[in-house]
1. How do GLU220, GLU100 stack up against each other in accessible area, from largest to smallest, with a 1.4 angstrom probe?
2. Taking every Cα atom in region 6-130, find the radius of gyration and the maximum pairwise distance Dmax, and write them in Å.
3. How much length would be gained if the chain were fully extended between GLN201 and ASP302, taking 0.36 nm per residue of separation minus their Cα-Cα distance, in nm to one decimal?
4. Which of VAL17, VAL213, VAL269 moves the most in a Gaussian network model of the chain with Cα springs under 10 Å?
5. Once you place label points 7 Å from the Cα toward the Cβ at ARG38 and SER187, how far apart are they in nm?
6. Simple spin-label model, 7 Å along Cα-to-Cβ: LYS237 to THR80 in nm?
7. Just reorder PHE299, PHE75 by solvent-accessible area, largest first, 1.4 Å probe, all chains present.
8. What does the charge dipole of region 1-149 about its Cα centre add up to, to the nearest 20 debye, if the Cβ of each Lys and Arg holds +1 and the Cβ of each Asp and Glu holds -1?
Amino acid sequence: MESGFEAKSKRPVLVLVGGFLGAGKTTLLLKAAEILARSGLRCALITNDQGGALVDTEYAGVQGVDTGEVTGGCFCCCLTDLVEAAAALAAHQPDVIFAEPVGSCIDISATILQPLKAYYSNQFQLAPFTVLADPDEFVRMQAGDADADLSYLYRYQLDEADILCFSKADLCTAMPPGADFHVSAHSGQQMDAWLDAVLHQGRAAGGQLLQNVDYARYAEAEAALGWLNWRGEIRLKKALSPALLAGPILDEIDMELTAAGIQIAHLKVLDRASTGYVKASVTRNGEEPGVDGDLTASFAVDHTLTLNLRATGDPAVMERIVKTATGRAGSWVNEHLQAFRPSPPKPERRLDHIVAESSHTA
């Protein structure tokens, strides 16, 4: 990076990055933290989910990033928790705090960005709101046969962006039009340019505001998704590498969900052992998994596996499929399992106007 980022304020910059399930938000933010660290900036991350046992939180931890999490509801429904998590991280004097809302949330500007500007500008500098979109998913969501509930959420998410980024630019040969940046967390493509726009260009934060959001329709669309979070620890009779334990479990769940007619929105697995870790994920049925971590990690007998699934199906069916797939590996201990449909969103605060705020410079 030609000119490094320099912290010029005692208030950390709070950078929210939204986008649909599987867009690659966590991977992007961890890469951003790595880039900024090379310029001498300290970064932290806040993850968010309707339930506990989060792959993203654990994945950030193995990357060495200070991480907080807000669970039990999206940021809009847990705004106080978001502010408290950011304040706790601010005690460690980060220059930038990234925050990643739940991937099915909309109305983020009215319920998160505007209240942050109105009530917490003395604690944080608020960066423009980035929405990240997988270009292939973007095309699928425009198709006539796209799931009506998912495309409803997707369309509203795009409408709130101060900055729109297409992700996974290294994998896409034909980008759709309309994005401000085409970024890749793996190759680094346009990461510096995006960070410069977020941190240095003085763009307005929360410059877009959804009008007349139908919260009954919003709740219906979110409730179309089944939510499952699972974590367990196991001591194998025969040692396996993280890849050889997690890979077959993910493949079986994918296959059984497909057989049950359940559409995957995001399925991700993180397996950790003393020899290394592997994170694998898919965003649709039958997709070749995206993999991070050490595929050559040595065999081990003790593993901790965390799994998050979002899909358009009955949570009870999803639970049965996950229990069967994980159960083939052996007997797990310290198991955590939540399978549910999201509750209707009930924001702590919702402002129906754009709050003025002076531009910031990190």
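The values are calculated or read from the model by the stated rules, or taken from the named source; none is laboratory data. Here the structure is a predicted model, which is why all the values come from computation and not from measurement. Positions of Cβ are generated from backbone atoms using ideal geometry, with glycine treated the same way; all protein chains shown enter the neighbour counts. When the accessible area is computed, the model is the full protein with side chains, heavy atoms only, and any ligands, DNA or RNA have been set aside. Shrake-Rupley method; radii C 1.70, N 1.55, O 1.52, S 1.80 Å.
1. Largest to smallest exposure gives the sequence GLU220, GLU100.
2. Looking at region 6-130, its Cα Rg and Dmax stand at 13.2, 36 Å.
3. 31.6 nm
4. VAL213
5. 1.6 nm
6. According to this spin-label approximation, the distance is 5.1 nm.
7. So, going from the largest accessible area down, we get PHE299, PHE75.
8. That gives region 1-149 a dipole magnitude of about 760 debye.
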